[in-house]
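Nothing in this text is a laboratory measurement; each read-out follows from the coordinates by a stated rule. This structure is a prediction, so every number in the text was calculated from the model and none was measured. Ideal geometry is used to build each Cβ from the backbone, glycine not excepted, and the neighbour counts take in all protein chains shown.
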C-alpha cells in the first residue's frame, strides 16, 4: 500500500478478499490536477519574469489645445457700459466678427449723440485758427523784411544828411573866415582914417563915418555868419545823433516784430497740438462707438455667459462670456513628477486613456493594451506649476493599428497617460518599483545634450 516493496499484493488481495473499504481508498484525482496546474502557473510566472516590460512614466491631466488661440477664452470689452441686447445664446456657433451683444454708454462725456459732429466743428475752427496764425507769421516775416529795407534806406538818408551838414558847416566856416577878413580890413581902414583925421590929413569926417558904418556892417555880417555856422554845426550834431538812433529805432521795431512772430509760432504750435488732440479724440470716439457692439474675435461656440440680463453694467476689461474655438488643434496637458522630467524629451511616445472611453490597460505592454490612443510629447515646460509638477503638451500620433483621437473629445476632459521609455525584464521592473528607483535609460536624452 505504501509501495515499499516492488511486489504488489493489491491484485491478490482484491481477488481473494472482498474488502469494501479498500475499494473506496485511492489517490484523489483533483489533487493531481491541482498539482499540475500549480506547476504550470509557477512555470508561467517564472517565464513572465523574464518577459520584456516597457518602462513608463504615468501622469494625469486634461484635454486642451496645442496653441493658445484654440483654447477657451473669455470675451472682454475694453469699455464700460450697460447691456442693451443679447444677440446669441449659449451653445450658438458664431463666426469671426459676429455681434454677441450690444451695450450703451455710461460716461456722461459721451452722452451727446452729436458729439462726433461737434468735435469735427471744433476741428474745423481750430484749423481756421491755425491758418490765421500762419498768415500772421507770413505777414510778420514780410514786415521784418520791410523794416530791414527801411532801415537801410533811412541809414542812407541819414548819412546823406550828415554829409550835407558837413558841407554846410564847411561853407559857413568859409563865410565866417571871409567876413573876419572883411572885418579886419574895415577895422584897419577905420583906424587909418581916424588917425589921418586927427592929424589933419586929407581924409574927411564923412569918409571916416562911412568907414565906421562899413566896419559896423561887416561886423554884423560876421556875427550873422558865425550864428549860421553855429546852427550848421548843431544841425550836423543832430544829423549824427539821428544816424545813430536809426539803428536803435529799427532794431526795436524788428525785435518787436520778431517777438510777435515768436508769439504767433507759439500760438501755431499750441493750435496744432490742440488740433492733434481733437483728431485723436475724434478717432477715439469713433473707435469707442464701435466698441458698443461686442464681436466674436474668431469662429467658435458660445459656452457660457458670465453676465446676464438686460440693463446689467459691465466694467472695463470685465469678462462677458466664454468662447470655445470651433476647430481647435487638440492636445493633452499632462503633469508629471519633477523626478521624472529629466527622462522625458520631445518626441517620446505616449499612450493616453481618455475618461469615458472603455479600456484595458497594460502600461508596460502597449501592444496588449486596448482602448488607449497614441500621442507624442511636443512641449515640456521649463518651470513647474507650483506643486512640483511639470506640464507636458502631447499631440496626436496615429501609428499602424491605432485609432484616431475621438472627435467627441471636449476641452477639460480627464486624461491618464503613460510616457513610454526603454524595455527591461519584468523582474527588474518589480525590483525597481519595490526599491522606489526611477526608470533607467540607455543614453542621455537629446534635449539634455543640446542644453550642454
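Counting other beta carbons within 10 Å of each residue's own, what order do 287, 352 fall into, fewest first?
Details: 287 11, 352 22.
Ascending number of Cβ neighbours within 10 Å: 287, 352.
Comparing Cα centroids, the stretch 57-109 and the stretch 167-197 end up 119 angstrom apart.
Against the empirical 2.2 N^0.38 Å (N residues), the chain has a Cα radius of gyration ratio of 2.73.
Sorted from fewest to most neighbouring beta carbons within 10 Å, what does the list 373, 153, 265 look like? Listing 373, 153, 265 from fewest to most nearby Cβ atoms yields 153, 265, 373.
Between the Cα long axis of helix 115-198 and the first principal axis of the chain there is an angle of about 20°, rounded to the nearest 10.
For the stretch 307-452, the relative contact order is 27 percent, taking Cα pairs closer than 8 Å that sit 6 or more residues apart in sequence and dividing their mean separation by the residue count.
Cβ-Cβ distance of residue 404 and residue 74, R₀ of 41 Å, FRET efficiency by 1/(1 + (r/R0)^6): the value works out to about 0.85.
With the simple model of a label 7 Å out from the Cα in the direction of the Cβ, residue 240 to residue 31 spans 15.9 nm.
Using alpha carbons only, how many degrees (0 to 90, rounded to 10) separate the axis of helix 426-435 from the longest principal axis of the chain? That works out to roughly 60 degrees. As a length-normalised measure over Cα pairs under 8 Å and 6 or more apart, the relative contact order of the chain settles at 30 percent.
Between residue 381 and residue 38, how high is the FRET efficiency from 1/(1 + (r/R0)^6) when r is the Cβ-Cβ distance and R₀ = 51 Å? Nearest 0.05.
On the way: r = 51 Å, r/R0 = 0.99.
The formula returns an efficiency of 0.50 here.
Summary of packing: across the peptides 381-390, 78-87, the per-residue average of other C-beta atoms within 10 Å ranks them, highest first, as 78-87, 381-390.
Can you give me the C-alpha center-to-center distance between the stretch 234-305 and the stretch 371-414, rounded to a whole angstrom? About 61 Å separates the Cα centre of the stretch 234-305 from the one of the stretch 371-414.
Here 327, 173 are placed in order of increasing Cβ neighbour count within 10 Å, fewest first, which gives 327, 173. Considering only alpha-carbon pairs that sit under 8 angstrom and 6 or more positions apart, the relative contact order computed for the stretch 178-287 is 23 percent. Building the convex hull from the alpha-carbon atoms of the stretch 115-287 and averaging its projection over directions returns 14.1 nm².
Averaging the Cα positions of each part gives two centres, and for the stretch 336-354 and the stretch 133-154 these lie 84 Å apart. FRET efficiency for the residue 221 to residue 199 pair, using the beta carbon distance and R₀ = 35 Å, is estimated at 0.70.
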